[in-house]
Each structure stands twice: as C-alpha cells, then as structure tokens.
Amino acid sequence: MFISFEGIDGCGKSTQARLLADALRAEGRHVVLTREPGGSPGAEEIRRLLVEGTGERWSPETECLLFTAARRDHLERTIRPALAAGRTVVSDRFADSTRVYQGAARGDLRGIVDRLHALMIGTEPDRTFVIDIDPPTAVARGHARGGIENRYESLGLGFQQALAGGFRALAREYPARVRMIDGSGAPEDVAARVRAAL
Ligand code: TYD
C-alpha cells in the first residue's frame, strides 16, 4: 500500500506518519517512511530550493515545475522500487500538497497542476489522511518550532486558513481515497483515529 499524510504546516502529520510507520513495522510489515518535497537524494536537493528563502522567491508556475520535478525523482528512485519490492510506503505529503498549496496560492493554477500530474506522475496513494487542525493552533506550533524551513509558514494565518479549506475541499473531491482525521488532542489519540480509519 501507498499511504500519504497531508495537512497545513504544523498540523502534526509528520508525527502521525512516523507513528503509523512504527505501528505497521511492529506488525511485521516492511515500511518505507518518506517525505515531500524530498524523499530521494535529488529531490532533497530540490527541497532546499523550495523551502528556504522568501515567500516570493519563485513564481507559482515555477514552483509547480520544481515540486513536480522533485516528485518525479522521488517516485522513480524511492516510491516505485519500494512498492515493487512489496513494501508499504508512508509519505509525509504527496501530490495533494501541490493541488492545495499551489492551487491556494493562485486558484487558476489547478489546471496546470493537474496537467503536469497527469503527464509526469500519474500515481495516487491508496489512502490519504488529512490531519485537520485549527489554523491558529498550527501557526503557533510552527513559530515555536522555528528553523529556516519556514517559507510557507511565513505567508501567515490567512494563507493557512485558505489551505485548510483547500484540504477539506479535496476530501470532498476524492471521497474514496482521502480521509479527514481530527488532529486535536495528544499524538497517540490522533494515531488511534488514523488506525481506525485505515
Ligand atoms: P513540509 O516539509 O511538509 O513542511 P512541514 O513539516 O512544516 O509541514 O513541506 C514544506 C513546505 O512545502 C510546506 O510548507 C508545504 C509546501 N509544499 C507545497 O507547497 N507543495 C507541495 O507539493 C509540497 C509537497 C509541499
């Protein structure tokens, strides 16, 4: 199975991806835990171009191309070989992030995002969990965390609110694949909700 986690910055999805990978390993499955942007050496190099610097560093169109290039490398070098070897892949973000982030940055980009996806990626996860959390709580966590990888967090609460709406719309668009998970409470409680949904 190919499972992805999605949500706004600071929603806790990275923790949930790790907890699910740990739980599946404890059951004896071979799990590859990976992330986007990144997840392969080449894609990790592209990641640095994307997550560092100012919010205006790239145009939305250029960003779409960079995310798609990183995803293509991730798919070729990490995801497809792992699935072919019978492993379970758990990815912290995948194509839904591009649909929502680049679509929220400029709504009319969704057509470009979809065409690039069809041309270069053409793969969806079997299940996607959106960790749903109140944007002010998530933004406060992001500020507490600090660091240099804050290009999107620096775009502010209004942007995070638009993203949260984008992820909810996505769950309506792909009801068979995408599950909204209540992200409030302790990490173990959220993890139990993910397991129940899976
Ligand atoms: P991520 O490492 O998941 O950050 P965090 O752990 O803070 O959630 O992703 C880095 C940033 O890149 C994040 O703000 C979301 C953004 N992003 C996009 O805009 N489009 C994409 O396709 C992906 C994969 C990420």
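What follows is calculated from the coordinates using simple rules that are stated; it is not laboratory data. Every value quoted in this text rests on a predicted model; they were computed, and no experiment measured them. Cβ coordinates were reconstructed from backbone atoms using ideal geometry, including for glycine residues, and neighbour counts include every protein chain displayed.
The table below gives the values:
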item	result
Overall Cα dimensions of region 1-150 - principal axes, largest extent first, Å	45, 37, 25
Within a Gaussian network of the chain (alpha carbon springs, distance under 10 Å), most fluctuating of Phe159, Phe167, Phe129	Phe159
Relative exposure of Phe5, Phe67, judged by other C-beta atoms within 10 Å (fewest first)	Phe67, Phe5
Label-point gap, in nm, between Glu56 and Arg195 - each point 7 angstrom along Cα→Cβ	4.9
